[in-house]
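Written out below as structure tokens is the structure these notes cover.
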Amino acid sequence: MMELPISLSGALDGTGNPARHAVPDARLSDASAVVFGHDRLTIEDILALAQRTRRARLSTDAAWRDRIRRGVDALHAHLAAGRPVYGVTTGYGDACVVDVPATLIEALPAQLTRYHGCGMGEWLDDDAVRAVLACRLASLAQGYSAVRPELLEALVHLLTHDVLPRIPAEGSVGASGDLTPLSYVAATLIGERDVRYRGRLCAATEALAATGGAPIRLAPKEGLALMNGTAVMTALASLAFARSRSLARLASRLTALTTVALDGRAAHFHPTLFDAKPHEGQRDAARWIRDDLAGRMEPPEARIQDRYSLRCAPHVVGVLVDALSWVRRDVENEINSANDNPLIDPDTGEVHHGGNFYGGHIAFAMDSLKTAVANIADLMDRQLALLVDDKFNNGLPRNLSGATGPRAPINHGFKAVQIGASAWTAEALKHTMPASVFSRSTESHNQDKVSMGTIAARDCLRVLMLTEQVAAAHTLAVAQAVKLRERLSPDSAPLPDTLRQWLDSVAARSPFVDEDRALEHELRTVRAWIAEGGDLPHDD
């Protein structure tokens, strides 16, 4: 099956989707390690582990390690006293009324892992799986899950040696957490099912043996602690955040270049306009456009006002920029939360049965983010439509054809690219239906209100892929349009160095189209480059 296209990498695998090759362990510095059990983690920490630019390790702080042990001791004290604990002395879910005999308590965790091995759909790619491992480790490191240090070390071992559980994308309703996809993590730790190791599929036992590891036996509650949480949706949300941030900067740059190509008005981005309506994201987007247009003079014959897709671009991009601030807050709160059930307080020994596995914040964040991103796709699609249409592009050739001479009549330039961009935009807009409102009552009406957070995150990543495809089309078209404008107006002021250098990067991936050619591979290459960040600066 194809991998889900949700990596931040720009390299292409055999399907045309991003692929990442693991960095050798020797290149991962322990000095810059992401430390679990120490400080609050950020999205960037998760991304660094997903991309293998940093190493994972557990805190060496004695107080933290003691906290982990006290949680395990508290659970054992409850068991010794004969007190019921959900998922330890009882069955799971609706079967919580079923008492588990003491002789079967040790067998129960692996049983949970096995019957949840029913995921379907495409597979999460390697970056996503690493992010899942990191998010699960971050939750368990909070010290409320009553798991042994050996289990935490086993998760670090998977990240360190890049032993990646093969995780199907579909099968989670987002409460009780991501049970089915996370069962594939738990199965790997006990030496069951398949993993990806060194770019190939193999049995988990084989990969563990090759890396000096060994299967572990899950202690009471450890199967539930591994599986009963929001790690998959949170991991995917972390990847979505980074790619959305890049698109905000890219849409601003493409707006600046479209303004140049159409002989539009830079005055639409004057700071007074955005001081008068002080949304911070809108101000940021206008500033990015102004910076790219630095020193541009208004053409004397310019329209007094450009069309909305130029004039209102900061107002569209700004919504995404401002949304990212609270999306970061909610995703990072989830990363740094204990999100399984029950929680065991290592300080008091109390067992708290609750619903921290519910992914409502991630679901709403992803439903909102995908809407903001799809609006970026629509904005770029409208700008591209202006560029190719000789009724609106202020003298540029029809469809941005670069052909001259006797073959010009049979060349059609970017006509089909614009049609493709329109199709991708329509599909992105279609995917903005919120997943979180489609709660389903499941599991004998025990899970009768669920978040759909993982579906929302997967939808958001699909919208991002489609929007990046629109962005790739717009990038190639606007580079063509600027070159054509320079032909028409050779005496115009030169582009600022920042824009010229960026267009050179585009040209290195897709040169000027002077004769029609198939652009698919160039579009794929540019889309992957965009997903990596597109050589654009980041402002948080």
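In segment 386-428, the qualifying residues are those that are among the hydroxyl-bearing types (Ser, Thr, Tyr) and assigned to a helix (DSSP H, G or I), and the one that is farthest from Pro511 (Cα to Cα) is Thr425.
Tell me which residues, restricted to segment 412-464, are at negative phi and modelled with pLDDT under 85. Of everything in segment 412-464, those that are at negative phi and modelled with pLDDT under 85 turn out to be Phe438, Ser439, Arg440, Ser441, Thr442, Asn446, Gln447, Asp448, Lys449, Val450, Ser451. For Asp291, the conditions (1) in contact with an Asp or Glu (Cβ under 9 Å, 6 or more places away or on another chain); (2) among the charged types (D, E, K, R); (3) assigned to a helix (DSSP H, G or I) are fulfilled apart from (1). Screening Ala285, Ala276 for residues that are modelled with pLDDT of 95 or more, out of contact with any Phe, Trp or Tyr (no Cβ under 6 Å at 6 or more places or on another chain) and open to solvent by 80 Å² or more (accessible area, probe 1.4 Å) leaves exactly one candidate, Ala276. Reported count of residues in segment 202-218, each being surrounded by fewer than 21 Cβ atoms within 10 Å (Cβ to Cβ), not small (Gly, Ala, Ser) and not in a loop (DSSP other than H, G, I, E, B), is 3. Scanning segment 55-82 for residues that are of a type in the set (D, E, K, R) and either buried (at least 20 other Cβ atoms within 10 Å of the Cβ) or not assigned by the TED database to the domain that holds Asp162 (or both) turns up just one, Arg55. Residues considered: His431, His445. Of these, the only one that is within 27 Å of Ala131 (Cβ to Cβ) and either in contact (Cβ under 8 Å) with a residue 40 or more places away in the chain or of a type in the set (Lys, Arg) (or both) is His431. Just one residue in the set Thr432, Thr442, Thr425, Thr404 is buried (at least 20 other Cβ atoms within 10 Å of the Cβ) and in the same structural domain as Val331 (by the TED database); that residue is Thr425. Within segment 187-201, does at least one residue satisfy the condition of being open to solvent by less than 10 Å² (accessible area, probe 1.4 Å) and in a loop (DSSP other than H, G, I, E, B)? No: zero hits. Once segment 125-174 is narrowed to residues that are in contact with an Asp or Glu (Cβ under 6 Å, 6 or more places away or on another chain) and under 23 Å from His361 (Cα atoms), the residue that is modelled with the lowest pLDDT is Ser172. All conditions in (1) within 28 Å of Ala473 (Cα to Cα); (2) open to solvent by less than 40 Å² (accessible area, probe 1.4 Å) hold for Arg265, with the sole exception of (2). Going through segment 87-129 one residue at a time, which ones are of a type in the set (Asp, Glu), open to solvent by 60 Å² or more (accessible area, probe 1.4 Å) and assigned to a helix (DSSP H, G or I)? Once the filter is applied, which keeps residues that are of a type in the set (Asp, Glu), open to solvent by 60 Å² or more (accessible area, probe 1.4 Å) and assigned to a helix (DSSP H, G or I), segment 87-129 yields only Asp94. Only residues that are touching a residue at least 40 places away in the same chain (Cβ under 8 Å) and within 29 Å of the chain's Cα centre (by Cα) were counted in segment 184-233, giving 26.
The values are calculated or read from the model by the stated rules, or taken from the named source; none is laboratory data. What you see is a predicted model; the values in this text were computed from it and never measured. Heads up, the Cβs are rebuilt from the backbone with ideal geometry, glycines too, and the neighbour counts pull from every protein chain shown. Side chains are part of the model used for accessible areas, which takes the heavy atoms of the whole protein and leaves out ligands, DNA and RNA. Shrake-Rupley method; radii C 1.70, N 1.55, O 1.52, S 1.80 Å.
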